[in-house]
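A.B. asks: The structure follows.
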Amino acid sequence: MKKVVSYGLILVFLVSVSGCLFTTPPDQVVVSFLDAMLEGDFEKAAEFVNPDEDNSKDIEEMSIIEDEEGERLFRAILDKTSYEIGEKTIDGNKATVTAKITAPDLLRIVSQTMSELIPMAFAMAFSEEEADDKMDAMIQQYFENAISDPNAPMTVSDTQIKLEKIDGTWFVIPDDELINALTGNLEKAFASLEEE
């Protein structure tokens, strides 16, 4: 009888340990998510986000950027973005993974680019009928060049990436802090541009 109980306890222990071994740890989930984001594979990145949350649809829809120019600009930002994973903290079904994310500093890039473009835009606006199309193309090219410049200003964000464990699987909970860190404060930069 003691042998049966011992074998039973060993079996329970092995099943519980194997369950832990087959669960991808939260820091590896974050690495997979960030790699997919930086590769521009937003459908794959969405797989690491809780499918019941609206955020997973937001991540997946990032692949459907409004136009080709916007997609090129977004790609230029992600091409220069990198990350380093820090510590992970697990508390039951919640986890936090720290990451240091380096991206082009769009607040500074937008500010610098606009100060160069405004005089040229005024001159172009008064000289040609098709100034709008040419001006849009010029602005797009300026932004792409400024972001791709090897000496472009960069920003480093120490980010807390939150995760939740659902049915034994860890999922990233993307928030504004994470998206802004990955895109060099894209939302803030273009919000300040609209204010101007």
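A.B. asks: Quick check on this structure: which one of LEU178, LEU193 is surrounded by fewer than 16 Cβ atoms within 10 Å (Cβ to Cβ), at pLDDT below 95 and assigned to a helix (DSSP H, G or I)?
C.D. replies: Checking each option against the conditions leaves just LEU193.
A.B. asks: Moving to a separate point now. For segment 86-106, which positions are surrounded by 16 or more Cβ atoms within 10 Å (Cβ to Cβ) and in contact with a Gly (Cβ under 8 Å, 6 or more places away or on another chain)?
C.D. replies: Residues satisfying the conditions are VAL97, THR98, ALA99, ALA103, PRO104, ASP105, LEU106.
A.B. asks: Going through GLU144, GLU187 one at a time, which residue ends up being in a helix (DSSP H, G or I), under 13 Å from the mean Cα position of the chain (by Cα) and not hydroxyl-bearing (Ser, Thr, Tyr)?
C.D. replies: Residue meeting the stated conditions: GLU187.
A.B. asks: Still on this model: Being of a type in the set (Gly, Ala, Ser), surrounded by 15 or more Cβ atoms within 10 Å (Cβ to Cβ) and at pLDDT 80 or above is the requirement here; does ALA45 meet it?
C.D. replies: yes
A.B. asks: Can I ask one more? Considering each of GLU164, GLU187 in turn, give the residue that is closer than 26 Å to MET37 by Cα, modelled with pLDDT of 75 or more and surrounded by fewer than 14 Cβ atoms within 10 Å (Cβ to Cβ).
C.D. replies: Just a single option satisfies the conditions, and that option is GLU187.
A.B. asks: Are there any pairs with C-beta distances below 7 angstrom linking a residue in segment 166-179 that is touching a residue at least 60 places away in the same chain (Cβ under 8 Å) to a residue that is in a loop (DSSP other than H, G, I, E, B) and aromatic (Phe, Trp, Tyr), with the two at least 6 apart or on different chains, and if so which?
C.D. replies: PHE171/PHE48; VAL172/PHE48
The values are calculated or read from the model by the stated rules, or taken from the named source; none is laboratory data. Only a predicted model underlies this, so the values are computations on that prediction, with no experimental measurement involved. For neighbour counting, all protein chains shown are included, and Cβ atoms are generated from backbone atoms with ideal geometry for every residue, glycine included.
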